[in-house]
């Protein structure tokens, strides 16, 4: 074959590959090429196709039993759905958006197929023949906005997600009626484009961009650079991932919320623009970040550049998130300054997108409540037209702000459940508030312009019950009856259709014990107390920083639930949801015991009772290892998937090491050694419990034992140094951890119940 012919063939093949890629992209409805603008709006027909694809993913071979119909337009100003059986005996899923159709599917599956979908335990096996609806079922939502995610969720839970995991979450959102998701992935691309245009070098931006487990705090203007430098491959990868996410959300009729400029600029800003007025704001113990003065012409210029690049890269649905003072006090307390800053942020949006609506977290009014007087709140909010701002009452399930903030002075707002901090594992929730307050406020004239509900948890993959209860509000305007809801929830989650009446009664009693104890928690604003297990041990005299109140009512209710679930474990063992809950209740019970046993060791130390101290410490250390064995039985409680999914994003050894360090540091030290955020995002995960928490307690008890033997006082500072040295070695290390569970959940729970339950008496 002649060389020219071979060259021609190679060119042809390459052209064919390119053509196929382009065609595939076109038909997917998204331009994945860097620089192309993705599609922002989808027609009813396109949404129907996206909904049909979701039906296929959820129902598999049963997809042909369904017919999807998108009927444009709200009814009485509300999103709605219906499902019914047509003349051809197909199940028609009808609604005004793809999300509505997905919600129709979910409602049908729960009601007719005992279907249960959650992050933690599920019951999704469908019958061989799907039952047909006996009549037309129809629901509508009283909430224009059904919001989902928190800035923090993007790191505490989402840092290492790929397209497959994101697709699962988009489906989960649609099935549960979410139409307003926060969409933060891939923002470093936008920042990079803007600041390169302004003359900043990539080396300067390396000092600006944080690492992949901490970028949400960078986006909120709390810190620069921590956990970096961020590899360019990560930035490019997440640009493509964001395009995938946005396409999935928009194709179902969701309205993704993208960031806008808040004034946060690189630390080298003054070198490039000398004389431009900036301020410094500090967050905890991190170096101050640079905040551009809103009166500067440069503020408007960057705000416009940022939104232009944002829209060019990711398209727009005209809602933008911006939080200038997230857990940072403004550099100027004057009301004029606050109004000027707010006006500048909004004008930066409006100048590029006349339809822009600013979505702002009201968290600052809670977190710095002493600073944010009613007058200052009014100044900040009043600079933006009422119809161009939407507020998130982020922590309304525990500490609502709307009342103190005069119902946000005419602005639309969303009632939110935060529930969880740092994605910690602790059975907790305000079920009475969640079940009743959203609907009550819909009919309360004092609530102002309440226009939505939202889930704003810092982390997911925990407490599935409280999230399911919250989502029950989406398609109703009356309070949820908790007991009735609980019965239906357990029926589907455990597959109780064929269970014995005695089993149903015991399961019901167990969960009512939880409902009226851990799930009626109004005493701890952190969404459940931290155990001593996941906090660096401190000498009793130094224990003021720990928040571990003894609540024996909760403990006794928890133990009652544990006993009852253990008693019905044999019959319910086939249920994945039951197995998860059994492990979770066992975990919480053992953690409660561990706290008590640890404090007994401290009493023995103070009494100089060496024998009791040694006996107690051995018992605590053994319990920690047994807890690790328990957690090893469920993938949801493994360290390995978190670390290995981080490493998988790396394309070389250096990247893998950086991502592993980010993953391990976030859940332990978080910041620098001694930071107030040490152990903030602690996890009760197998591997972490064995190799990290157990080792810390062993170090602590050994230091106390040496102090007893020597007769000298306990040297808290020496222990802290030794502990910090160990923590740093662990976060810098490269030990591998299991990604698959080991052992039978039920057998392990039974063994631990037999061993430890008598110790509570």
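The values are calculated or read from the model by the stated rules, or taken from the named source; none is laboratory data. As the structure is a computational prediction, the values presented were derived from the model and not from experiment. Glycine gets a Cβ as well: all are built from the backbone with ideal geometry, and neighbour counts include every protein chain shown.
The rows are residues; the columns are (1) part of a helix (DSSP H, G or I); (2) at pLDDT 95 or above; (3) in the same structural domain as residue 681 (by TED's automatic domain parsing); (4) more than 30 Å from residue 166 (Cβ to Cβ).
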| site | (1), (2), (3), (4) |
| --- | --- |
| 441 | yes, yes, no, yes |
| 452 | no, yes, no, no |
| 470 | yes, yes, no, no |
| 474 | no, yes, no, no |
| 489 | yes, yes, no, no |
| 507 | yes, yes, yes, yes |
| 525 | no, no, yes, yes |
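So how many residues does the stretch 344-356 have that are surrounded by fewer than 21 Cβ atoms within 10 Å (Cβ to Cβ) and under 23 Å from residue 404 (Cβ atoms)?
Adding up the residues that qualify gives 0.
Check whether at least one residue in the stretch 626-636 is surrounded by 23 or more Cβ atoms within 10 Å (Cβ to Cβ) and within 16 Å of residue 682 (Cα to Cα), and report yes or no.
Yes, the stretch 626-636 contains at least one residue that is surrounded by 23 or more Cβ atoms within 10 Å (Cβ to Cβ) and within 16 Å of residue 682 (Cα to Cα).
Within the group 652, 678, which residue is free of Cβ contacts under 8 Å to residues at least 60 places away in the same chain, out of contact with any helix residue (DSSP H, G or I) (no Cβ under 6 Å at 6 or more places or on another chain), farther than 18 Å from residue 161 by Cα and assigned by TED's automatic domain parsing to the domain that holds residue 626?
Numbers: 678 fails: free of Cβ contacts under 8 Å to residues at least 60 places away in the same chain.
On inspection, the qualifying residue turns out to be 652.
As an exercise: evaluate residue 135 against (1) out of contact with any helix residue (DSSP H, G or I) (no Cβ under 6 Å at 6 or more places or on another chain); (2) in contact (Cβ under 8 Å) with a residue 24 or more places away in the chain; (3) under 21 Å from residue 172 (Cβ atoms) and give the number of the one condition it does not meet.
(3)
Could you tell me whether any residue of the stretch 139-159 is free of Cβ contacts under 8 Å to residues at least 40 places away in the same chain and on the phi < 0 side of the Ramachandran plot? Walk me through it before giving the result.
Pass one, the stretch 139-159, residues free of Cβ contacts under 8 Å to residues at least 40 places away in the same chain: 158.
Okay, now just the ones that are also on the phi < 0 side of the Ramachandran plot, so 158.
Yes, the stretch 139-159 has at least one match.
Which count do you get for residues in the stretch 449-492 that are over 22 Å from residue 111 (Cα atoms) and surrounded by fewer than 19 Cβ atoms within 10 Å (Cβ to Cβ)?
3
Farther than 30 Å from residue 558 by Cα, surrounded by 12 or more Cβ atoms within 10 Å (Cβ to Cβ), at pLDDT below 95 and in the same structural domain as residue 629 (by TED's automatic domain parsing): is that true of residue 726 in this structure?
Values: farther than 30 Å from residue 558 by Cα: yes; surrounded by 12 or more Cβ atoms within 10 Å (Cβ to Cβ): yes; at pLDDT below 95: no; in the same structural domain as residue 629 (by TED's automatic domain parsing): yes.
Criteria not met by residue 726.
Taking the options 45, 89, 57, name whichever one is at pLDDT 95 or above, part of a loop (DSSP other than H, G, I, E, B) and surrounded by fewer than 16 Cβ atoms within 10 Å (Cβ to Cβ). Even if it seems obvious, please write down each step before you answer.
Working: 45 fails: part of a loop (DSSP other than H, G, I, E, B); 57 fails: part of a loop (DSSP other than H, G, I, E, B).
Only one candidate passes the filter, namely 89.
Listed here are the residues, each with its yes/no results for (1) in a helix (DSSP H, G or I); (2) in contact with a strand residue (DSSP E or B) (Cβ under 8 Å, 6 or more places away or on another chain); (3) modelled with pLDDT of 95 or more; (4) buried (at least 19 other Cβ atoms within 10 Å of the Cβ).
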{"position": "307", "(1), (2), (3), (4)": "yes, yes, yes, yes"}
{"position": "316", "(1), (2), (3), (4)": "no, yes, yes, yes"}
{"position": "325", "(1), (2), (3), (4)": "no, yes, no, yes"}
{"position": "330", "(1), (2), (3), (4)": "no, yes, no, yes"}
{"position": "358", "(1), (2), (3), (4)": "no, yes, yes, yes"}
{"position": "372", "(1), (2), (3), (4)": "no, no, yes, yes"}
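Run residue 181 past the list (1) in the same structural domain as residue 248 (by TED's automatic domain parsing); (2) without any contact (Cβ under 8 Å) to a residue 12 or more places away in the chain and report the number of the one that doesn't hold.
Result: residue 181 passes all but (2).
When residues of the stretch 729-761 are filtered for being farther than 23 Å from residue 666 by Cα, out of contact with any helix residue (DSSP H, G or I) (no Cβ under 8 Å at 6 or more places or on another chain) and modelled with pLDDT of 95 or more, how many remain?
Qualifying residue count, the stretch 729-761: 6.
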